[in-house]
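The values are calculated or read from the model by the stated rules, or taken from the named source; none is laboratory data. Not measured: the values here are computed from a predicted model. Cβ atoms come from the backbone with ideal geometry, glycine included; neighbour counts cover every protein chain shown.
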Ligand code: NAD
């Protein structure tokens, strides 16, 4: 029970990595406030968490909208009186939303991806960090990407996506330095390609999979949502109490340039 007594917010928890984090945190004793744009999958994730005996509440909606981010934080305070952990996980992939190399992508795609992937982090932190500080500190975990750390000559060429995830890395360091005095730790994880609904399109393309297997040479394939959840658990728990401002690659060697 590494999160016993702690209260965690997880955004984008309806499926994929967010849902795996919610399930693992619940098994480790956390009480949860989940968010997802999709109410049905958000409710299903809540049910799953409750089945493991944990308390869970849902705030459905677009977390890049200030009123939703505000409601999410207010719900955690109303239900549980404190916030210990914030996982900024909600995000959208680039290619499904018209993103691509800067010379080929649409301006509205750029705006949307930066809003959903980055502004949501700003908003959730803005409202949650004062509550964390009030209860003596906390842990923020930002879901970045290997594409924040390396460029790709082909296949993974969504530049707004890369920019949004890169900005999360610098925001993580900036916040870590500033909020350390209030006991708030801020760390980021940078997954490579992970087996979730977001990766379905990539998985269908043989050339893309060959590229991924070469880069994620340590495992020769995709990582799992459980791999990412395990790292998030470490960063959320007191075991990582000396860590802040860390940018943790979870990419089976991709960014190490194997
Ligand atoms: P996914 O598409 O399977 O799940 C994302 C969830 O976020 C969905 O349930 C979706 O409804 C929700 N969501 C999307 N926009 C939202 C919004 N505006 N407000 C609230 N919820 C919203 O994706 P995933 O693979 O689980 O990815 C989770 C995070 O991990 C994302 O930030 C993604 O960029 C990042 N990531 C994923 C991979 C990968 O290979 N799967 C790799 C690196 C980073």
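Looking across 158, 164, 144, one residue alone is within 12 Å of the ligand (Cβ to nearest atom), under 21 Å from residue 235 (Cα atoms) and touching a residue at least 12 places away in the same chain (Cβ under 8 Å). It is 144. Just one of the numbered conditions (1) in a helix (DSSP H, G or I); (2) in contact with a helix residue (DSSP H, G or I) (Cβ under 7 Å, 6 or more places away or on another chain) is not true of residue 214: (2).
Listed conditions (1) more than 16 Å from the ligand (Cβ to nearest atom); (2) on the phi < 0 side of the Ramachandran plot are all met by residue 81, apart from (2). If you check every pair at least six apart or on different chains, which have Cβ atoms under 7 Å apart with a residue in the range 170-186 that is more than 12 Å from residue 125 (Cα to Cα) first and a residue that is at pLDDT 95 or above and surrounded by fewer than 23 Cβ atoms within 10 Å (Cβ to Cβ) second? Short answer, once both residue conditions are applied: 173/245; 177/245; 180/244; 182/133; 182/137; 183/133; 183/136; 183/137. Of the residues making up the range 84-91, not a single one is over 22 Å from residue 144 (Cα atoms), more than 12 Å from the ligand (Cβ to nearest atom) and not in a helix (DSSP H, G or I).
In the range 107-115, is there at least one residue being over 21 Å from the mean Cα position of the chain (by Cα), farther than 28 Å from residue 241 by Cα, surrounded by fewer than 19 Cβ atoms within 10 Å (Cβ to Cβ) and without any contact (Cβ under 8 Å) to a residue 40 or more places away in the chain? Within the range 107-115, one or more residues are over 21 Å from the mean Cα position of the chain (by Cα), farther than 28 Å from residue 241 by Cα, surrounded by fewer than 19 Cβ atoms within 10 Å (Cβ to Cβ) and without any contact (Cβ under 8 Å) to a residue 40 or more places away in the chain.
All conditions in (1) farther than 21 Å from residue 92 by Cα; (2) crowded, with 21+ Cβ neighbours inside 10 Å hold for residue 234, with the sole exception of (2).
Entry remark, the range 49-65: residues being over 15 Å from residue 33 (Cβ atoms) and in contact with a strand residue (DSSP E or B) (Cβ under 9 Å, 6 or more places away or on another chain) number 0 in total.
Hey, among the residues in the range 228-258 that are within 11 Å of the ligand (Cβ to nearest atom) and in contact with a strand residue (DSSP E or B) (Cβ under 8 Å, 6 or more places away or on another chain), which one's farthest from residue 2 (Cα to Cα)?
The initial filter retains those residues of the range 228-258 that are within 11 Å of the ligand (Cβ to nearest atom), namely 228-229, 232, 249-251, 254.
Now drop any that are not in contact with a strand residue (DSSP E or B) (Cβ under 8 Å, 6 or more places away or on another chain), which leaves 228, 232, 249-251.
Details: 228: 16, 232: 12, 249: 22, 250: 21, 251: 25 Å.
This residue is 251.
Selection of the range 9-66 for residues being in contact (Cβ under 8 Å) with a residue 60 or more places away in the chain, surrounded by fewer than 20 Cβ atoms within 10 Å (Cβ to Cβ) and within 12 Å of the ligand (Cβ to nearest atom) yields only 15. In this structure, residue 148 does not satisfy being over 26 Å from residue 22 (Cα atoms), touching a strand residue (DSSP E or B) at 6+ places or on another chain (Cβ under 9 Å) and surrounded by fewer than 24 Cβ atoms within 10 Å (Cβ to Cβ). Of all residues in the range 182-204, those satisfying the criterion of being more than 9 Å from the ligand (Cβ to nearest atom) and in contact with a helix residue (DSSP H, G or I) (Cβ under 9 Å, 6 or more places away or on another chain) are 182, 183, 184, 185, 186, 187, 188, 201, 203.
Here is a check on your reading of the model: is residue 128 buried (at least 20 other Cβ atoms within 10 Å of the Cβ) and in contact with a strand residue (DSSP E or B) (Cβ under 9 Å, 6 or more places away or on another chain)? The answer is yes for residue 128.
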